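Accompanying notes for the structure given below.
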Amino acid sequence: MKIGFVGLGIMGKPMARNLMKAGHELFVYDISPESVGAVAAAGAQGCASASEAAAKGEVTITMLPDGPDVRAAVLGPRGVLEGARQGSIIVDMSSISPIVAQKVAAACAERGIEFLDAPVSGGEPKAIDGTLAIMVGGKRKTFDAVLPLFQAMGSSATLTGPAGAGNVTKLANQIMVACNIAAMGEALVLATKAGLDPEVVFEAVKGGLAGSTVLNAKAPMVIGRNFKPGFRIRLHQKDLRNALLAAESMKVSLPFTSMVQQMLISLMNEGKGDLDHSAIVNFLEDMAGIHVEKPSPTSAAQA
């Protein structure tokens, strides 16, 4: 297919490359000329605006930080809707409020353009190796038409309901991931404070009921003090904010989500917003006055 692709950040760049590897022709745009140049060097055609990218594609994919960015890129001046042809498809793979996704879907419908909201889970590593989990809202016929594109970027793609449903599902995912990381952090802080080697504790529990993909991915990062971002704290805070706003509109109480969001806000105020979300553990470490890390040879010998 000929694909317009708007948004070439940490996630968008490898997703675009995987589409090209699958044989699709890409027309790309980002507010960063350097990002456009990097993907163009891999074989894409750079564009001067989102509308130009959309005009050249049968399908236009957007991958942006938040709802206001999607509104600007799709509905704003020189946006996707200005260039998209009637009968074409817009797929927004950003993680945004489901309310915003529904409003963008309605604007597309007025122009005779199909729309899917299709946020992803897996972070940068899975974006690079093409194994993202993709959660989709929209019409079955439209989903089936772009399924080959999803298969080039992910290991699973699931239609979860009408427009907006993809982002509701993503918010549910983000709640589970954030609370899982926080629980892991509490457990490893406790073990470390008790004098145990957190790596040994991790190896002991990962094969049991406490084992999870989150634990396997994030515990080694914490123990190795590697907080290089795969998914940034500020973006996870944004997702939890959207979850709380959606929950408020539906009169749903999310107490654990609210607590973890406050941790993320505190870390952002400390200048840690661009660290990986595994750094949630830093909030808990500060409260306990200890770092989760392997014991020093001296302390191990004394023990």
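Worth pointing out:
- Strands (runs of 3 or more DSSP E) completely within segment 114-205 that count 3 or more residues being in contact with an Asp or Glu (Cβ under 9 Å, 6 or more places away or on another chain): 114-117, 132-137
- Taking the criterion of being under 17 Å from I3 (Cβ atoms), among the polar types (S, T, N, Q) and under 16 Å from the mean Cα position of the chain (by Cα), the only residue of segment 70-115 that qualifies is S94.
- Qualifying residue in segment 243-263 (condition: under 19 Å from P125 (Cβ atoms), under 15 Å from the mean Cα position of the chain (by Cα) and in a helix (DSSP H, G or I)): no
- Residues within segment 107-126 that are modelled with pLDDT of 95 or more and within 17 Å of V214 (Cα to Cα), tallied: 1
- Just one of the numbered conditions (1) over 21 Å from F150 (Cα atoms); (2) buried (at least 23 other Cβ atoms within 10 Å of the Cβ) is not true of S35: (2).
- The single residue among G122, G67 that is within 19 Å of the chain's Cα centre (by Cα), within 23 Å of A157 (Cβ to Cβ), free of Cβ contacts under 8 Å to residues at least 60 places away in the same chain and buried (at least 18 other Cβ atoms within 10 Å of the Cβ) turns out to be G122.
- Some residue of segment 230-240 being at negative phi, surrounded by fewer than 19 Cβ atoms within 10 Å (Cβ to Cβ), among the hydrophobic types (A, V, I, L, M, F, W, C) and part of a helix (DSSP H, G or I): no
- Matching residues in segment 206-229 - criterion: being surrounded by fewer than 17 Cβ atoms within 10 Å (Cβ to Cβ) and more than 23 Å from I128 (Cα to Cα): K206, G207, G208, L209, A210, G211
- Pair list, Cβ < 6 Å and 6+ apart or interchain, from segment 244-259 residues that are not assigned by TED's automatic domain parsing to the domain that holds S97 to residues that are of a type in the set (V, I, T): T257/I175
- Among the residues of segment 245-255, not a single one is of a type in the set (A, V, I, L, M, F, W, C), surrounded by 21 or more Cβ atoms within 10 Å (Cβ to Cβ) and within 30 Å of D69 (Cβ to Cβ).
- No other residue among K13, K56 is basic (K, R) and within 23 Å of P229 (Cα to Cα) apart from K13.
- Any hit, segment 77-94, residues being touching a residue at least 60 places away in the same chain (Cβ under 8 Å) and among the hydroxyl-bearing types (S, T, Y): yes
- Residue match in segment 112-121 (condition: out of contact with any helix residue (DSSP H, G or I) (no Cβ under 9 Å at 6 or more places or on another chain) and over 24 Å from V177 (Cα atoms)): yes
The values are calculated or read from the model by the stated rules, or taken from the named source; none is laboratory data. Just so we're clear, the structure is a prediction, and the values are computed from it rather than from any experiment. Note that we place each Cβ from the backbone using ideal geometry, even for glycine, and neighbour counts take in every protein chain shown.
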